[in-house]
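In what follows, a structure is listed as structure tokens, so that the remarks can point back to it.
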Amino acid sequence: MPAIVIDGKAVSLKIREEVKQRAAALGERGIAPCLAVVLLGENPASLSYVTAKEKALTEAGMKSRDIRLSAGAAETELLSLIAELNADKTVHGILVQLPLPAHINTDRIISAIDPAKDVDGFHPVSVGNMVLGRPGFLPCTPHGVVFLLKELKIPLSGAHAVVVGRSNIVGVPLANLLVRRDVNATVTICHTGTRDLSRHTLEADILIAAAGSPALIKPEMVKPGAVVIDVGVNRVPDSAKEKGYRLCGDVDPAAAENAGYITPVPGGVGPMTIAMLLQNVVQAAEVYNYE
Ligand code: NAD
């Protein structure tokens with residue numbers, strides 16, 4: 001039987017509605033939740049991500065301050081901008097769209113953001129809080145995946161989750177969230193150094209692909225009935241498309257024949273990432289020290 005397709009968009013809309021109500025409540029207190037969105041250069045994928053985030057913020061009744069710098073902007077310029085945004089009491093969250101140009105030290109930039117405004121959850125303080133299970137901002141994509149699994153009431157406690165990918169943005173934080181007591185999964189992380197990837201993926205009750213490799217996960221790599229979450233968003237050249245490319249996940253769509261549940265690309269994890277960002281921004285504005 002083909003897999004049930006998980007509607008990430010529908011779940012994300014529910015969250016966005018809740019965020020909208022929380023933003024409206026803040027509005028009654030004279031607070032306008034605001035996210036500063038910083039983009040360097042004109043990378044088409046980054047541009048489309050920030051545009052989607054800014055649109056979602058507006059729809060949720062929140063503000064975005066859109067800051068565009070040239071791809072050649074100096075690191076010192078970006079650091080001064082972050083210092084200004086850190087000090088600005090009308091800005092509750094700061095998002096610097098990644099990847100940054102090669103001449104900029106990404107770690108230094110992320111570390112310069114005030115952890116109280118780190119709505120991406122990438123600052124070492126946020127990462128530390130996440131690992132220790134303390135309150136703080138959770139990274140949007142991993143949090144979105146866990147939220148989606150919980151919302152769908154997928155049995156997680158004791159389940160074997162296999163995460164393919166070990167980036168600081170997706171794979172590693174996701175594995176951390178899955179292993180926390182509130183999820184209680186047993187986790188395997190696979191990466192480019194993993195021998196015999198299928199041996200691991202075939203063991204997965206929950207298989208999460210975050211490798212950035214189009215259609216890496218083939219149907220025969222999926223245990224029958226497994227829950228398959230496809231985080232990958234890859235642009236594959238396609239002359240039949242107006243834009244010259246199509247979006248493709250890390251999972252071969254034919255894997256739906258084996259899986260019990262599967263997320264589509266687009267419409268699965270992507271909308272959840274944006275919803276979690278909105279949630280972090282409203283949370284940042286709620287707990288902000290206004291004195
Ligand atoms: P990344 O390139 O930083 O990391 C990819 C990881 O996958 C690496 O750790 C690597 O070891 C592993 N990997 C790559 N090829 C592999 C292979 N053949 N076998 C085993 N492991 C392999 O990428 P990222 O930032 O973690 O993003 C991963 C994917 O998720 C990308 O397609 C990205 O566009 C997408 N993404 C989607 C969202 C969303 O909201 N849907 C958000 C962030 C990233």
Completion exercise
Using alpha carbon centers only, region 1-75 is separated from region 154-181 by a whole-angstrom value of 24 Å
Exercise for the section: Can you send over the solvent-accessible area of Met272, 1.4 Å probe, protein chains only, in Å² to the nearest 10? Expected result: 0 Å²
Completion exercise
By the Cα gyration tensor axes a ≥ b ≥ c (a/c under 1.5 gives rounded; else a/b larger than b/c gives prolate, otherwise oblate), the shape of region 25-71 is oblate
Exercise for the section: Return the Rg/Rh value of region 167-251, two decimal places, where both radii are evaluated on C-alpha atoms and Rh is the Kirkwood radius. Expected result: 1.03
Practice task
Kindly work out what percent of the DSSP beta bridges joining two residues of the chain are antiparallel, to the nearest 5.
Solution key: 10 percent
Handout entry: Part-to-part distance (alpha-carbon centres) for region 105-136 and region 228-253, which is given in Å
Key = 30 Å
Exercise for the section: Quick one: what are the phi-derived ³J(HN,Hα) couplings along region 61-72, Karplus 6.51/-1.76/1.60 with θ = phi - 60°, whole Hz, x for glycine and proline? Expected result: x, 10, 9, 10, 9, 8, 10, 10, 10, 6, 4, x
Handout entry: Cα radius of gyration and Dmax for region 186-230 (Å)
Key = 9.7, 27
Problem - Rg [Å, one decimal], Dmax [Å, integer] - region 241-291, C-alpha atoms - result: 17.6, 57
Exercise for the section: Give the ranking of Arg235, Arg29 by solvent-accessible surface, highest area first, calculated with a 1.4 Å probe. Expected result: Arg29, Arg235
Exercise for the section: Note down the nm distance, to one decimal, between modelled labels 7 Å out along Cα→Cβ at Asn86 and at Leu69. Expected result: 1.4 nm
Fill in the blank from the handout: Net charge near Thr188 (other residues with Cβ under 15 Å of its Cβ; Lys, Arg +1; Asp, Glu -1) is +1
Problem - Accessible area, probe 1.4 Å, largest first, for residues Lys241, Lys218, Lys153 - result: Lys153, Lys241, Lys218
Handout entry: Residues listed by number, region 217-235, amide nitrogen under 20 Å from Glu203 label point at 7 Å toward C-beta
Key = 217-229
Problem - Relative contact order (percent, whole number), the chain, Cα cutoff 8 Å, 6+ residue spacing - result: 23 percent
Completion exercise
Between Arg134 and Glu291, the two model label points (7 Å from Cα along the beta-carbon direction) sit apart by a distance in nm of 2.0 nm
Handout entry: Karplus (6.51, -1.76, 1.60) ³J(HN,Hα), θ = phi - 60°, over region 146-157, in Hz, Gly and Pro reported as x
Key = 5, 4, 4, 4, 5, 4, 7, 6, 6, x, 10, 5
Practice task
Take the Cα pairs of region 1-159, get the Kirkwood Rh, then feed it into Stokes-Einstein at 10 °C and 1.306 mPa s and tell me D in µm²/s.
Solution key: 91 µm²/s
Fill in the blank from the handout: The Rg/Rh figure for region 120-198, Cα atoms and Kirkwood Rh, to two decimals is 0.97
Fill in the blank from the handout: Restricted to region 151-291, the DSSP antiparallel beta bridge percent, nearest 5, is 20 percent
Fill in the blank from the handout: Partner lysines whose C-alpha sits under 21 Å from that of Lys117, ignoring same-chain residues fewer than 8 away, are Lys20, Lys53, Lys55, Lys63, Lys89
Practice task
For the chain, build the convex hull from the C-alpha positions and give me its volume per residue in Å³.
Solution key: 136 Å³
Practice task
Determine how large the accessible area of Val287 is when every protein chain is in place; take a 1.4 Å probe and give Å² rounded to the nearest 10.
Solution key: 110 Å²
Exercise for the section: Please get the size of the charge dipole for region 196-255, origin at its Cα centre, with Cβ charges of +1 on Lys and Arg and -1 on Asp and Glu, quoted in debye to the nearest 20. Expected result: 220 debye
Problem - Fraction of accessible area attributable to carbon and sulfur, region 35-154 (%, probe 1.4 Å) - result: 59 percent
Practice task
Let me know the number of lysine pairs in region 137-252 closer than 30 Å at the Cα, not counting same-chain pairs under 8 apart.
Solution key: 6
Problem - Per residue accessible area in Å² of the chain, where ligands, DNA and RNA are left out and the probe is 1.4 Å - result: 47 Å²
Problem - Net dipole in debye of the chain [+1 Lys, Arg Cβ; -1 Asp, Glu Cβ; about Cα centre; nearest 20] - result: 300 debye
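The values are calculated or read from the model by the stated rules, or taken from the named source; none is laboratory data. Just so we're clear, the structure is a prediction, and the values are computed from it rather than from any experiment. Counting neighbours? That spans all protein chains shown, and the Cβs are built from the backbone with ideal geometry, glycine included. In case anyone asks, the SASA skips ligands and DNA or RNA and just uses the protein heavy atoms, side chains included. Shrake-Rupley method; radii C 1.70, N 1.55, O 1.52, S 1.80 Å.
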